[in-house]
Every structure is written in C-alpha cells, then in structure tokens.
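Take a look at the structure below.
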Amino acid sequence: MKKIISFGNEEFDVLVFDKIVSYSRELVGKIWLTPTEMQDSLKDIFKTLTDKTCDKVIVSGETENTTIYILLDKDALVISPSSDLRKNVLLNRWRLNWFNDIVEPINYKVLRMDDKLRFELQLPKVVLVNLCVIENYPIPRLNLSTGSISAFLRKEQLADVTILDMQLGYTIEQVVEEYKNIQPALIGVSINFGQKQLAFDLLDRLYECNNVHNLSSEIVVGNLIPAFSPNEFFSRYPEILISYREGEYSWCDLARYTKDLIRKSEIDGLMFLEDREIIKTVAKDVDMTQVPTPSLDTLRDIARLKGALTIETTRGCDYAKCTFCPRDHKLNSWRFLSEEQTLKQLKDIINAGKKFGIKSHIYLADEEFVGEMPNGKEADRIIAICKGIYSEFPEFKYDSSARADSVFDRKKSIEWNIKRIEMWYHCKKSGLDRLFVGVESGCDRQLKRYGKGTTSEQNIVALRILTALGINIRIGFVMFDHLMESLDDIEENINFLERTDVIMQPIALDKMSFEDLFHKVTEDKDFIAKHSSGKPIYSVVSYMLASLEVLMGTPYIKIIKNLEKTTKKSFILNDGKPDSNMGRYSVKFIENKIGAISDASQKWIDSNFPIMYTVKSLHKVASIKEKKLLYSYMVTHREISHFYLRYVVNLFKGSTSLSEDLKQFLKKTDSVSSFSSHLIEVNKISGIEERLKSCLTKWQKLMELLIDEISDSLETGKLTDTYDERLRISIDTWKSNMGIWELINEQFEEK
Ligand code: B12
Ligand code: SF4
C-alpha cells in the first residue's frame with residue numbers, strides 16, 4: 001500500500017518525499033553554494049516533483065547541519081539531509097522537546113507552523129563585507145574573518161548571511177548597491193591594516209543610504225583597526241557598533257538583538273556609545289569545539305582568480321612575549337581544533353576546492369601552529385593530525401608557521417627535542433610544503449629587544465633540523481628596529497643571512513633515528529659541513545629589508561615611551577599620535593643614519609611589493625613548472641635586495657671599493673665596473689637621503705632586468721596570468737613607477 005504524508009493541505013506519496021530528501025542531500029553536499037542558490041534550486045525541484053509551488057524555501061545551517069525548510073500553507077517540511085533532525089538548533093529553540101515521541105534519528109518531518117516557529121524562521125539578513133585595497137593584494141585568499149563569522153551564524157541558524165569580498169573585485173559602489181538591494185538588518189565591515197580610508201569611504205556611503213533611503217540597518221565594524229582605535233570610529237560615526245576580539249559570539253548576539261531578544265549591553269565583545277560614553281561589554285573566548293568550517297561562498301571566484309585556500313586550526317598565542325606583537329585583539333590564550341575537527345575542516349575545503357580545480361594546498365593561518373598543552377601533548381596532537389592527513393589525502397600539501405623554539409630548545413629535555421624532530425618529520429610526511437619560521441634576527445641584542453626568547457645559535461640549529469628533514473622553510477626577518485644603536489647590528493644580520501652552513505640537504509631517515517639526527521645537527525661539525533646545501537639564508541627570507549612596525553598596544557611602544565620619559569627626548573612622531581590606518585606609531589630611530597637606511601629600504605620594499613606579492617601569490621597556485629620559475633624570481637628579488645643593503649651598509653661604513661661578496665654577486669649581471677664607479681660617485685654626495693636615493697635608483701636597474709625577464713616569460717607563454725591579467729598590470733605599474741620613491745601606505749593616509 002502506498003504510504004501517504006500530509007503536507008500543506010495536500011497528500012504526497014512518501015516516495016516523492018524521499019526524492020526531495022535525496023536531492024537535498026546532494027545539494028547540501030555542494031558546500032560552496034550559497035543558501036540563496038540552494039533555495040532557488042529547491043523551489044524548482046519541489047515544483048518538478050510535486051507539481052506544486054511552495055510558499056517559501058529557507059536554507060540554514062552549515063556543512064554538517066544544513067537544514068531546509070519548505071513552507072506550504074500552514075506547514076513546514078523540515079529536511080536535515082546530513083544530520084539527525086532531532087538535534088536541530090532552530091527547532092530546539094522553537095520547542096525544547098518537540099521530538100519527544102520520536103526515538104530513532106530522522107532526516108525530515110512535516111511540522112505545523114505556529115507563531116513561535118514563524119518567529120524563529122525569520123532569520124535576520126546579515127551582510128559581511130571584507131575590504132581589500134586590490135592594488136596591493138591583487139590575488140585573493142579565502143577570507144577567514146567573514147567566513148568564520150558567517151559559518152558560525154549559519155551553524156546556529158541565527159541569520160541569513162551574504163558575504164561581499166572586495167578581493168573578488170567588488171567596488172564600494174557595488175557593495176552599496178547590494179546593500180540597497182538586500183536591505184539587511186545588520187551589515188558588518190571587517191577592517192584590517194591599511195584599510196581605514198576604504199572603510200570610511202564605505203561607511204560614509206552606508207550612513208548616507210540609511211538617511212536617504214530610510215534603511216535601518218545596524219552598522220558594525222570589526223577586526224584589528226577598529227579594535228585598535230575605537231575613538232576615531234565613534235567620533236566619526238556615533239551610532240556605529242564595534243566588535244572587538246573574536247566576532248562569532250558578538251554576531252550571534254547581534255542577530256538576537258535585531259529580534260529584540262537581548263539588549264545592546266548584553267551583546268558579547270561590543271563597544272558602543274551611550275550618552276557620549278563608550279560602553280564595552282565582556283568578550284568571551286570562542287569555544288573551539290564549536291567552530292565550523294569557514295563558509296566557502298567565495299570559493300568559485302577564488303578559483304577563477306587563481307586564489308589560495310586557507311584555514312586556522314588553532315587560535316591565539318600563549319607565548320605572547322614578542323615585543324612587536326599586540327595581543328589585546330588576538331588573545332593570549334591558545335586554543336585548538338580537535339584532531340577530528342581539523343581533519344573534517346581540511347577535508348571540506350580540499351574536496352570543495354578540487355571541484356573547481358584548486359590544488360589541494362592550504363595555507364594555515366594559525367598564529368601559533370604548535371602551541372603548548374600539558375605534558376607536551378601538543379606534539380601528539382599534531383602527529384595524530386598528520387597521520388590522519390597522509391592516510392586520507394596523500395596528495396595534500398600545506399604551509400604553516402612556527403617559532404624557532406617550537407623546533408629546538410636547549411632549555412628543554414633531550415626527549416622533548418627528539419619528540420619535536422619526530423613531530424616535524426610527520427608534518428613533512430603529511431605534506432608540509434613550507435614552514436614560515438619566525439627567526440626575526442641574526443643578532444642576539446636584537447633578538448632580546450624583540451622578546452623572542454631565542455638566540456641566533458638556537459635559530460641556526462632549528463633551521464638545520466627543519467631543512468635536514470626536507471622541510472622547505474621561509475623565515476621572518478625584521479632587519480631594522482628603532483632601538484638599534486649601530487650599523488654593527490645590521491652587519492651582524494647581513495653576515496647571518498649570508499651563512500651557507502645552515503640550510504641543510506635533506507637527510508634520508510631510513511638509516512638514521514630521530515635521536516641520531518638530533519645529535520648530528522647539534523654537535524657534529526663534520527656532518528654539518530658535509531650536508532650543508534650551500535644556499536645562503538637570505539634566499540629563504542620572506543620579506544627582505546623589513547623594519548619593525550611599532551604597532552599599537554605592543555610592549556615595544558611601551559619601551560619607547562619609557563625611553564622618552566627617561567631621556568626627556570621625543571621619539572614618537574606626529575605628536576605621539578599613532579597612524580590608525582596601519583595601527584602603528586611612527587617612531588624616530590635612536591640612530592639617525594639607521595633610520596634613513598630603514599626608510600630607504602621601506603621605499604625599496606614598497607616599490608617592489610605589488611609585483612612581488614603577485615608573483616608570490618601566483619606561485620602559491622601555479623603548476624610545478626611555473627612554480628619553479630616564479631620561485632626563482634622570488635629568490636632573485638631577495639638576492640638583489642640583500643646585496644643592495646650590503647652595498648648601502650658598506651658605503652655608510654666608509655668603504656670606497658666593492659667587497660668580495662658584492663663583486664661575486666654583481667658578476668652575474670656583468671655590472672661590477674658600473675657599480676664600482678657608482679660607489680665612487682655616491683661617496684661624493686654629502687646628504688644621507690640623497691646618497692640613499694642614488695643607491696636605490698642604481699639598484700633598481702637590477703630589478704628592472706628581473707621585471708623584464710618576468711615580462712618575457714609572460715609574453716612567451718612560460719607563465720600564465722590570471723584571467724584578468726593581474727600580473728601584466730603589476731608589471732606595467734612597476735615600470736611606470738620606476739624612479740618614484742615613496743611609501744605605499746602614505747598613499748592611503750587620510751586625505
Ligand atoms: C593573512 C594574514 C595577512 C595577509 C593579509 C592578506 C590580505 N590579502 O589581506 C598579509 C600576509 C598580507 C598580512 C600582512 C600583515 N600582517 Co597579517 N596576518 C594574516 C593572518 C596569518 C591570517 C588572518 C586570518 O585569516 N585570521 C583568521 C580570522 C578568523 O581571524 P580575524 O581576521 O582576526 O577575524 C576574527 C576577528 O578579528 C573578528 N572580526 C574580523 N572581522 C570582523 C568584522 C566584523 C564586522 C566583526 C564584527 C568582527 C570581525 O572576528 C573574526 C572571527 O573571530 C593573521 C594571523 C591570524 N591567525 O589571524 C596575521 C596577522 C593578522 N597579521 C599581523 C600583522 C602584524 C601583519 C603586518 C602588519 C605585518 C606582519 N608582521 O606580517 C602586515 C600588514 C599588512 C599591511 N601592510 O597592510 C598580526 C596582527 C597583530 C596582532 N597580534 O594584532 C597577525 C595577528 C599575525 C601575528 N600574530 O603577528 N597578514
Ligand atoms: S609574534 Fe607570534 S609567537 Fe610572538 S607573541 Fe605574536 S603570535 Fe605569539
């Protein structure tokens with residue numbers, strides 16, 4: 001006998017329902033689809049299968065608990081294709097024990113609508129905007145700020161979220177148009193370093209829309225910049241809401257607030273103005289066991305733009321002692337996803353990425369990938385994740401980052417150190433393609449100022465261990481800092497970077513135990529000499545010639561402020577006020593000459609940043625052959641930058657002829673004599689700035705050779721550009737800016 005189900009005053013064969021459920025399962029498996037796309041598709045399939053037009057379809061939830069609500073007359077057909085409907089968060093808010101008489105897991109159920117269910121199903125519309133200064137970051141990466149908040153809201157079934165990511169080409173105008181169309185209850189803008197002016201442009205337009213079109217959306221800003229400078233936002237926009245720290249709980253509360261379920265003062269982690277006073281509510285740490293896979297709505301566009309995938313497996317940092325790192329917004333507590341969650345999220349992203357031809361290569365964005373658990377269990381956690389990865393995804397590759405003392409630490413036991421080697425071995429085996437190591441300096445005095453808790457010797461051993469395990473490394477290096485007293489510190493750094501006995505050849509571990517390897521790389525000079533790769537350290541520096549950014553809220557700015565008090569001199573420029581666009585202070589170097597060299601180096605970085613960032617971003621997603629070529633360009637750029645600094649330091653130390661290492665390098669481009677003559681000429685220039693400008697212009701000629709080579713490769717088809725020619729544009733821009741020496745972020749200072 002046919003089994004019949006009543007739904008919306010109609011009778012349906014149960015087989016029809018089974019078909020709807022099975023179609024729904026297939027659809028929600030496409031985790032990159034937006035709820036709106038799923039809704040439209042479900043409306044059509046319902047019509048095809050039943051010949052009826054439903055009143056409305058609502059899709060809510062995320063990967064695991066995506067739920068479909070098909071509304072017809074007074075009923076709702078609720079389908080939860082991949083999880084037990086009895087656990088549905090929205091229905092459990094509706095009525096706690098609504099499934100009391102149902103003992104087995106179910107995937108769908110027809111429910112009679114009442115006012116409370118109708119109220120729960122009114123999901124406030126939320127728009128989340130990720131800003132981007134596209135000239136600086138032409139290649140996108142999955143944005144986790146908006147993706148994490150969106151996934152959390154969907155998982156809790158509290159809002160209907162749309163993500164607008166300017167990395168994908170949205171202009172302010174288009175964001176405003178979408179805002180007018182969607183008319184959300186809440187719009188959130190994520191404001192990162194360098195995006196303040198862009199944010200103001202957008203916020204001005206949004207408030208204007210609210211006035212002109214009578215919209216009543218609450219406007220919320222979050223991420224680092226508003227958290228660093230709330231006053232500035234409040235003085236410009238007194239009605240704005242600022243979310244500080246993690247946004248997940250704030251947004252859930254904001255959604256409840258729009259439905260009058262809670263008061264503003266009960267919203268987690270929020271700042272707002274009341275009677276001209278800033279009210280700041282408590283921000284709870286997000287429970288990591290509840291953190292879902294970030295929303296992948298933008299995945300298809302990221303694939304189109306050859307962008308990269310990224311994910312966080314941990315949050316925060318409990319080392320928290322680096323003097324240049326502000327911890328207020330990003331938290332001192334280290335929390336982690338469980339092994340199962342990590343593997344599940346990786347699987348979601350890899351599988352979805354594959355559908356659109358994105359390589360199985362993920363960039364882990366963790367602040368502190370390794371972390372610390374009681375009894376050194378953090379190494380076991382990572383080993384378990386690695387084993388999960390290589391048993392399930394043998395092709396998988398990922399990049400991550402770590403501090404040097406997460407690799408090697410003489411203060412810890414030998415067993416601890418050997419276990420770390422084992423851990424990094426498993427990381428390599430599970431596809432760790434590149435590890436970014438926060439080395440920061442090759443000079444112990446500077447390392448102390450940076451609060452790294454490491455020595456240059458420790459950095460060297462850590463790099464030897466990693467490279468001996470066959471792990472590709474990149475290192476973070478902050479060449480200049482404001483408290484640097486002499487050129488000797490820079491020279492020490494340069495000598496460190498030129499060392500060729502640190503990056504090792506990969507060692508076959510089939511005949512050597514982890515313990516043996518530990519002793520060999522820490523004690524055996526002959527072994528080290530025999531197995532060194534001969535590559536200089538500068539070839540693996542991520543950003544060459546960087547200066548310390550004295551960020552707001554850091555121990556470093558406190559040291560400077562103390563120095564001002566004790567010396568009664570002022571070092572902080574702009575009347576002691578920070579640049580709230582970059583969340584940092586402009587600080588005078590205690591040694592003028594070093595300040596001038598740092599300034600010129602920053603101009604060098606900025607003139608090359610957009611093109612090299614594009615090369616770097618394309619390298620992340622290129623085929624093996626193109627990857628090699630792009631990588632060689634990155635190394636050449638590093639090499640030119642390194643020797644530029646060697647040249648400048650030698651010049652300022654009074655040298656009148658080229659040093660041996662410089663000659664060796666310049667021979668490659670046949671330019672020894674031209675640089676020898678330049679050195680003589682530049683020595684005649686008296687002003688520091690003029691001398692440096694002359695050096696920059698001279699060395700830019702070598703960069704030009706590199707840019708021409710990149711351009712040739714593009715023209716001859718050795719390199720593939722993005723579909724909208726972002727590399728070509730970067731090359732042309734570089735060329736047209738030749739000889740113009742200015743700082744990128746000055747262009748975005750408030751006008
Ligand atoms: C990717 C990245 C970059 C990219 C940016 C790429 C791009 N296209 O924009 C690059 C490499 C260019 C970069 C550069 C810099 N970065 Co960076 N970067 C990161 C990284 C690794 C990942 C960011 C991320 O995805 N986070 C994960 C998401 C979930 O966290 P989130 O963005 O903070 O979002 C949460 C909250 O902020 C909040 N929230 C965010 N947006 C919104 C919006 C609204 C409306 C609301 C309500 C809430 C909210 O809720 C979110 C979920 O909880 C972080 C490390 C990290 N794990 O955060 C460092 C990090 C943000 N960078 C940092 C720094 C210092 C920089 C630099 C200044 C220099 C440097 N040392 O690298 C430069 C500045 C760039 C410039 N000149 O403009 C620091 C920030 C300092 C701090 N502790 O506060 C971090 C934390 C790394 C660190 N520990 O040192 N960075
Ligand atoms: S720089 Fe990295 S290790 Fe240092 S305090 Fe910040 S997050 Fe922690």
### Message
So for region 101-234, considering every pair of alpha-carbon atoms, how many percent are separated by more than 26 Å?
### Response
32 percent
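Provide E248, E156, E415 ordered by accessible surface of protein heavy atoms (probe 1.4 Å), highest first. List each step's numbers first, then the result.
Working: E248 5, E156 40, E415 130 Å².
Greatest to least solvent exposure: E415, E156, E248.
From Cα pairs below 8 angstrom and at least 6 apart in sequence, can you work out the relative contact order of the chain, rounded to a whole percent?
The normalised contact order for the chain reaches 9 percent.
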### Task
Could you tell me which Cys residues in the chain have no other cysteine's Cβ under 4.7 Å from their own Cβ, answering none if every one has a partner?
C54, C132, C209, C252, C317, C386, C427, C443, C695
### Global geometry of region 172-256, whether rounded, prolate or oblate, following the gyration tensor of its Cα atoms and the 1.5 cut on a/c
oblate
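Nearest 0.05, what FRET efficiency do D201 and K280 give at R0 = 30 Å with Cβ-Cβ as r? Walk me through the numbers on the way to the answer.
On the way: r = 27 Å, r/R0 = 0.89.
So the FRET efficiency works out to roughly 0.65.
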### Task
Using amide H atoms built 1.01 Å from N in the peptide plane, name the residues 5+ places from E218, or on other chains, whose amide H lies under 5 Å from its own.
L186, I187
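Counting only DSSP beta bridges with both residues in region 429-565, tell me the antiparallel percent, nearest 5.
Numbers: 1 of 9 bridges.
Bridges in region 429-565 that DSSP calls antiparallel: roughly 10 percent.
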### Query
Picking from G583, L573, Q602, whose Cα lies most toward the positive end of the charge dipole for region 563-603 (charges on Cβ: Lys, Arg +1; Asp, Glu -1)?
L573
### Task
Would you please state which residues of region 609-645 a label at K397 would reach in this model, taking the label point 7 Å out along Cα→Cβ and a backbone N cut-off of under 17 Å?
615-635
### Task
Per residue of region 461-471, in order, report the coupling 6.51 cos²θ - 1.76 cosθ + 1.60 (Karplus, θ = phi - 60°) as ³J(HN,Hα) in whole Hz, putting x for Gly and Pro.
5, 4, 5, 5, 4, 4, 6, 5, 7, x, 7
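Under 1.5 on a/c is rounded, so check that first for region 241-335, then, if it is not, pick prolate when a/b is larger than b/c and oblate when it is not; a ≥ b ≥ c are the square roots of the alpha carbon gyration tensor eigenvalues. Walk me through the numbers on the way to the answer.
Numbers: a/c = 2.02, a/b = 1.28, b/c = 1.57.
Note, shape of region 241-335 comes out oblate.
Can you check how the C-alpha radius of gyration of region 619-662 compares to 2.2 N^0.38 Å, as a plain ratio? Don't skip to the answer; put the middle values down first.
Values: Rg = 15.4 Å, N = 44, 2.2 N^0.38 = 9.3 Å.
Scaled against compact globular proteins, the figure is 1.66.
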### Query
What are the semi-axes of the equivalent ellipsoid of region 487-526, taken as the square roots of 5 times the eigenvalues of the Cα gyration tensor, listed largest first and rounded to whole Å?
30, 10, 7
### Message
Skipping prolines and chain starts, which residues have an amide H placed within reach, meaning under 5 Å, of the one on V587, given they are 5 or more residues away or on another chain?
### Response
L573
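From the cross-link list K561/K593; K593/K628; K525/K625; K155/K306, which pairs have alpha carbons spaced over 30 Å apart? Kindly include the intermediate steps, with their values, before the conclusion.
Numbers: K561/K593 21 Å; K593/K628 38 Å; K525/K625 36 Å; K155/K306 28 Å.
Among K561/K593; K593/K628; K525/K625; K155/K306, the Cα-Cα distance tops 30 Å for K593/K628; K525/K625.
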### Task
Would you list, by chain and number, the aspartates and glutamates whose Cα falls below 19 Å from the Cα of K56, excluding same-chain residues fewer than 8 positions away?
E10, E11, E37, D40, D44, D73, D75, D114, D115, E120, D160
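Please label the shape of region 312-375 as rounded, prolate or oblate, based on the square roots a ≥ b ≥ c of the eigenvalues of the alpha-carbon gyration tensor (a/c under 1.5 means rounded; beyond that, a/b larger than b/c means prolate, else oblate).
On the way: a/c = 3.39, a/b = 1.95, b/c = 1.74.
Since a/c reaches 1.5 and a/b is larger than b/c, the shape of region 312-375 is classed as prolate.
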### Query
On average, how much area does the Cα convex hull of region 40-152 cover when viewed from any direction, in nm²?
9.3 nm²
## Note on the structure
Percent of all alpha-carbon pairs of region 352-509 at distances over 29 Å, whole number, is 23 percent
#### Entry: Hits among lysines - C-alpha to C-alpha of K701 under 16 Å, sequence gap 8 or more where chains match
K603, K667, K668, K693, K735
### 3J(HN,Hα) from dihedral phi, region 148-162, Karplus parametrisation 6.51/-1.76/1.60, rounded to Hz, x for glycine, proline
6, 5, 4, 4, 5, 4, 5, 4, 7, 6, 10, 7, 9, 9, 10
### Message
Can you give me the distance in nm between label points at S677 and N737, each placed 7 Å from the Cα along the Cα-to-Cβ direction?
### Response
3.0 nm
### Query
If r is the Cβ-Cβ distance from S338 to E239 and R0 is 30 Å, what FRET efficiency results, to the nearest 0.05?
0.15
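Using the C-alpha atoms of region 668-722, what convex hull volume per residue, in cubic angstrom, is computed? Working shown, then result.
Details: hull volume 4.7 nm³, N = 55.
So the per-residue Cα hull volume is 86 Å³.
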### Task
Grab the beta carbon distance between N495 and E549, set R0 = 35 Å, and tell me the FRET efficiency rounded to 0.05.
0.90
### Query
Measuring from a point 7 Å past the Cα of T522 along Cα-to-C-beta, which residues in region 437-454 have an amide N at less than 18 Å?
454
### Task
Pop out the ³J(HN,Hα) list for region 428-442 in order, Karplus 6.51 cos²θ - 1.76 cosθ + 1.60 with θ = phi - 60°, rounded to Hz; leave Gly and Pro as x.
4, 4, 8, x, 4, 8, 8, 10, 8, 10, x, 6, 6, 7, x
### Message
Could you compute the net charge surrounding W94? Neighbours are other residues with a C-beta less than 10 Å from the C-beta of W94; K and R count +1, D and E count -1.
### Response
+2
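Under unit Cβ charges (Lys, Arg +1; Asp, Glu -1), what dipole magnitude, rounded to 20 debye, does region 49-134 have relative to its Cα centre? Show your work: numbers first, answer last.
Numbers: 12 positive and 12 negative charges, 46 e Å.
For region 49-134, the charge dipole is close to 220 debye.
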### Message
What whole-number distance in Å separates the alpha-carbon centres of region 425-486 and region 18-77?
### Response
51 Å
### Query
Residues in region 174-214 near a label at T36, defined as backbone nitrogen under 11 Å from the 7 Å Cα→Cβ point?
178-184
### Query
If you take every DSSP beta bridge whose two residues both sit in the chain, what share of them, in percent to the nearest 5, is antiparallel?
45 percent
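If you average 1/r over every pair of different alpha-carbon atoms in region 9-69 and take one over that average, what Kirkwood value in Å do you get?
Final number for the Kirkwood radius of region 9-69 is 11.9 Å.
Report, in listed order, any pair from K30/K196; K511/K718; K530/K663; K354/K535 with a Cα-Cα distance greater than 29 Å.
Working: K30/K196 35 Å; K511/K718 40 Å; K530/K663 27 Å; K354/K535 35 Å.
Beyond 29 Å: K30/K196; K511/K718; K354/K535.
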## Note on the structure
Short to long, in 10 Å steps from zero, the percent of alpha-carbon pairs of region 559-651 per bin is 13, 31, 26, 21, 8, 1
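Per residue, how many Å² of accessible area does the chain show with a 1.4 Å probe?
On the way: 32330 Å² over 751 residues.
Here the residues of the chain average 43 Å² of exposed surface.
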### Message
No solvent, one uniform scatterer per C-alpha: report log10 I(q)/I(0) for the chain via the Debye equation at q = 0.05, 0.08, 0.09, 0.11 1/Å, two decimals.
### Response
-0.29, -0.73, -0.91, -1.31
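Could you compute Rg(Cα) / (2.2 N^0.38 Å) for region 459-514, with N its residue count? Walk me through the intermediate numbers first.
On the way: Rg = 14.9 Å, N = 56, 2.2 N^0.38 = 10.2 Å.
So region 459-514 has a normalised radius of gyration of 1.47.
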### Task
Check the straight Cα-Cα distances from K2 and name the lysines below 22 Å, setting aside those fewer than 8 residues away within the same chain.
K19, K47, K52, K109
### Task
List the residues whose amide H sits under 5 Å from the amide H of L432, counting only those 5 or more places along or on another chain, with H placed 1.01 Å from N in the peptide plane.
Y398
### Message
Considering only C-alpha atoms, what is the centroid distance from region 251-327 to region 103-162, in Å?
### Response
14 Å
### Task
Could you pull the accessible area for C325 with a 1.4 Å probe, rounded to 10 Å²?
40 Å²
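The values are calculated or read from the model by the stated rules, or taken from the named source; none is laboratory data. Model, not experiment: these values are computed from the prediction. Positions of Cβ are generated from backbone atoms using ideal geometry, with glycine treated the same way; all protein chains shown enter the neighbour counts. SASA here: full protein model, heavy atoms, side chains in, ligands and nucleic acids out. Shrake-Rupley method; radii C 1.70, N 1.55, O 1.52, S 1.80 Å.
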